[in-house]
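Take a look at the structure set out below.
The values are calculated or read from the model by the stated rules, or taken from the named source; none is laboratory data. Just so you know, these numbers come straight off a predicted model, no measurement behind them. Cβ placement follows ideal geometry from the backbone for every residue including glycine, while neighbour counts extend to all protein chains displayed. SASA here: full protein model, heavy atoms, side chains in, ligands and nucleic acids out. Shrake-Rupley method; radii C 1.70, N 1.55, O 1.52, S 1.80 Å.
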Amino acid sequence: MSNPVLKEFPHEIHTERLLIRLPLPGDGKAVYEAVQYSRRELKQWLPFAQKEQTLEESEVNVREAQIQFLQREDLRFHIFDKHTKVFLGCTGLHRIDWSIPKFEIGYWVDTTHQGKGIISEAVKALMTFAFEELGANRVEIRCDEKNERSRAIPEKLGFSLEGIHYHNARSVDGINLCNTCVYSKLE
């Protein structure tokens, strides 16, 4: 296997409504505002939402995500409305194993834009990108068994529920044990 840094692939994905692209310097403000507005919903499920971030920390995080993207360690993508350029949320290919290759898709949406099919459209595009551009043999989506909105995405897109890992992780607040659903799609 060649060094993943040498892998060439597009840094943008276009769908009917969305521009999905790597994080760029200056995105921190839009990400910060979306997280602040959506914190109550995000905090239930996502570790990054547990700690308040400053605007500066958000911008640092965006720039670090860009570096990880260019190093092919983690491929975070920002989701924008194609026409208005409004930031809508994030998705990405995480826990990458280039030797297979396999990827895990993660996602969240600004609650202002929830329920509009944005995440379904973005995840479908990212799944296609993983198979067609990156040669994926396996794409996974993992989520808390209780997160019904998150579970609806892989179910809608035809992923197979491989199983539920019972009491395999702590809840994001660190208090309770939770169960993780593992969905997959194979090439």
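For the chain, what is the percent of antiparallel DSSP beta bridges, rounded to the nearest 5?
Bridges in the chain that DSSP calls antiparallel: roughly 90 percent.
Of I118, N137, H78, which is farthest towards the positive pole of the range 59-162's charge dipole, taken about the Cα centre with +1 and -1 on the beta-carbons of Lys, Arg and Asp, Glu respectively? The one lying farthest along the dipole's positive direction is I118. Taking a straight line from the alpha carbon of K51, these lysines sit under 27 Å away, with near neighbours fewer than eight places off in the same chain left out: K29, K43, K146. Using only the alpha-carbon atoms of the range 66-172 as identical scatterers, what base-10 log of I(q)/I(0) does the Debye formula give at q = 0.14 Å⁻¹? Result of the Debye calculation: -0.60.
Tell me what the chain gives for mean residue ellipticity at 222 nm when only DSSP H runs of n ≥ 4 count, each as -39,500 (n - 2.57), the sum divided by the residue total, rounded to 500 deg cm²/dmol.
The helix contribution divided over the chain gives -9500 deg cm²/dmol.
Relative to the Cα centre, the charge distribution of the chain, modelled as +1 at Lys and Arg Cβ and -1 at Asp and Glu Cβ, gives a dipole magnitude of about 260 debye. Here the accessible area is traced with a 1.4 Å probe on the protein chains. For the range 1-156, carbon and sulfur cover 51 percent of it. Under the convention that each Lys and Arg Cβ holds +1 and each Asp and Glu Cβ holds -1, the size of the dipole of the range 34-141 around its Cα centre is about 240 debye.
Rolling a 1.4 Å probe over the heavy atoms of the protein chains gives the chain an accessible area of 54 Å² per residue. What the phi angles of the range 73-90 give under the Karplus curve with 6.51, -1.76 and 1.60, with θ = phi - 60°, is a coupling list of 8, 8, 10, 7, 10, 9, 9, 10, 5, 4, 8, 8, 6, 6, 5, 10, x, 10 Hz, glycine and proline written as x. Most tightly packed first, judged by the mean number of other beta-carbon atoms within 10 Å of their residues, the peptides 52-64, 13-25, 77-89 read 77-89, 13-25, 52-64. By the rule of a C-alpha distance below 20 Å, with chain neighbours fewer than 8 residues away ignored, the lysines paired with K7 are K102.
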